[in-house]
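Structure, as structure tokens:
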Amino acid sequence: MNYQLKLWSMILLLSIGLLASCSDDDNDSDPTLTASELLQTTWNACVCDYDADGKEVVHEEYLIVEFLTETQGKSINGEGSGDPSAVWDLYYYIDGRIITFESSALVGNWTVIEKSKNSIVLQSYRPEKSVAILTKLY
């Protein structure tokens with residue numbers, strides 16, 4: 001009987017330890033961004049503007065974004081801009097999850113929604129919902 005009590009006690013302790021270590025805290029963190037992560041990188045960007053309901057894309061614009069320093073870069077407008085291709089100065093700053101662009105098709109405050117080594121998804125309201133998908137070239 002004493003052996004069974006010890007066995008059940010051990011199983012109970014292991015179960016409690018296992019449950020305590022299985023936390024999903026890692027999945028609760030919001031993605032953040034730093035200027036050093038973008039430094040001297042080049043990205044394809046697709047900016048999608050949605051309708052008032054936020055369900056259908058009403059305009060798409062493509063551009064290339066080069067982050068040359070921690071606050072400056074270049075943007076090259078492409079298809080959907082309505083303008084001939086041109087290179088524009090880009091000014092930006094980052095505060096945690098928010099990246100603010102002061103020029104280009106990305107002008108405004110954007111929230112980092114998803115981030116991986118080769119992709120960043122940003123969302124903004126200008127005033128309707130806009131989503132920018134950046135795919136790293138190099």
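Data for the structure
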item: Every residue from region 109-138 that is surrounded by fewer than 18 Cβ atoms within 10 Å (Cβ to Cβ), more than 17 Å from GLU66 (Cα to Cα) and touching a residue at least 40 places away in the same chain (Cβ under 8 Å); result: ILE113, GLU114, LYS115, ARG126, GLU128, LYS129, VAL131
item: Strands (runs of 3 or more DSSP E) contained in region 89-138 and holding at least 2 residues under 8 Å from the mean Cα position of the chain (by Cα); result: 108-115, 119-125
item: Extreme residue, farthest from THR135 (Cα to Cα), among residues of region 32-57 that are of a type in the set (D, E, K, R) and touching a residue at least 40 places away in the same chain (Cβ under 8 Å); result: ASP51
item: Residues satisfying the stated conditions in region 68-108, i.e. open to solvent by 80 Å² or more (accessible area, probe 1.4 Å), out of contact with any strand residue (DSSP E or B) (no Cβ under 8 Å at 6 or more places or on another chain) and either closer than 17 Å to SER124 by Cβ or at pLDDT 95 or above (or both); result: GLU70, ASP95
item: Tally of residues being open to solvent by 30 Å² or more (accessible area, probe 1.4 Å), in a strand (DSSP E or B) and of a type in the set (S, T, N, Q) across region 24-67; result: 1
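The values are calculated or read from the model by the stated rules, or taken from the named source; none is laboratory data. Given the structure is predicted, the values throughout are model-derived calculations rather than measurements. Note: ideal-geometry Cβ built from the backbone for every residue, glycine included; neighbour counts use all protein chains shown. With ligands, DNA and RNA removed, areas are computed over all heavy atoms of the protein, side chains included. Shrake-Rupley method; radii C 1.70, N 1.55, O 1.52, S 1.80 Å.
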